[in-house]
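Working notes, structure below.
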Amino acid sequence: MSEADTPWSRLSSRVARVVLARKDFTYAELVDALAAEGNTDGERALVSRISRGTLKLSLLLQIVSITGATPPERWTSALRTEGSWEQKAQAVIGSELARQPVFDFSELARRLANIGATVPEKTLEASITTGNMPLALFLQLLLALGSDSLERYVDYEDLLDAAKATSVD
């Protein structure tokens, strides 16, 4: 199974598409709005990334902001911070981790492994500290933390189903 054909990549794609659909935003409108922010990806590249589910958390945050979608309440202050979208993603990840501050990278890696997401501890640490996290990994992290932050865009049960499907594969 390719990276783009996993339950987690399909959920990543769905989350992005739901944000766009709820605000009746087209890919062309998204490309134009992203271009105004300095993103040079064309429509074809963006559509491909979203349909494959290989987008980063930072891009999802941009999509939420551009469309005027309502972000999860827990992320509101993180999204208001100054800085790059990666820095905002780092702040969003931090807001999720703050719910259970006793976790370290080793414990997070163990919890992710329990749901079928084997991520080397150093890779996980780099994704968290740089804010350069694939959306699929972020969805797995939300499940590992027991967070329902994205309930507006994806059912928590679907995260559980993806974990079950991943551990079977």
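The values are calculated or read from the model by the stated rules, or taken from the named source; none is laboratory data. Since the model is a prediction, treat every value here as computed from it, not as a measurement. Don't worry about glycine lacking a Cβ; one is built from the backbone with ideal geometry, like all the others, and counts go over all protein chains shown.
List of remarks:
- Inclusion of Leu112 among residues that are touching a helix residue (DSSP H, G or I) at 6+ places or on another chain (Cβ under 8 Å), of a type in the set (A, V, I, L, M), at pLDDT 90 or above and in a helix (DSSP H, G or I) is warranted.
- Selection from segment 85-109 of residues that are out of contact with any Ser or Thr (no Cβ under 8 Å at 6 or more places or on another chain), assigned to a loop (DSSP other than H, G, I, E, B) and either surrounded by 14 or more Cβ atoms within 10 Å (Cβ to Cβ) or not acidic (Asp, Glu) (or both): Ala98, Gln100, Pro101, Val102, Phe103
- Residue match in segment 28-37 (condition: in contact with a Ser or Thr (Cβ under 6 Å, 6 or more places away or on another chain), modelled with pLDDT under 95 and within 23 Å of Gly131 (Cβ to Cβ)): no
- Residue match in segment 14-25 (condition: in contact (Cβ under 8 Å) with a residue 40 or more places away in the chain and over 30 Å from Gly116 (Cβ atoms)): yes
- Of the criteria (1) in a helix (DSSP H, G or I); (2) without any contact (Cβ under 8 Å) to a residue 12 or more places away in the chain; (3) more than 21 Å from Trp8 (Cα to Cα); (4) of a type in the set (Ser, Thr, Tyr), which one Thr81 fails: (1)
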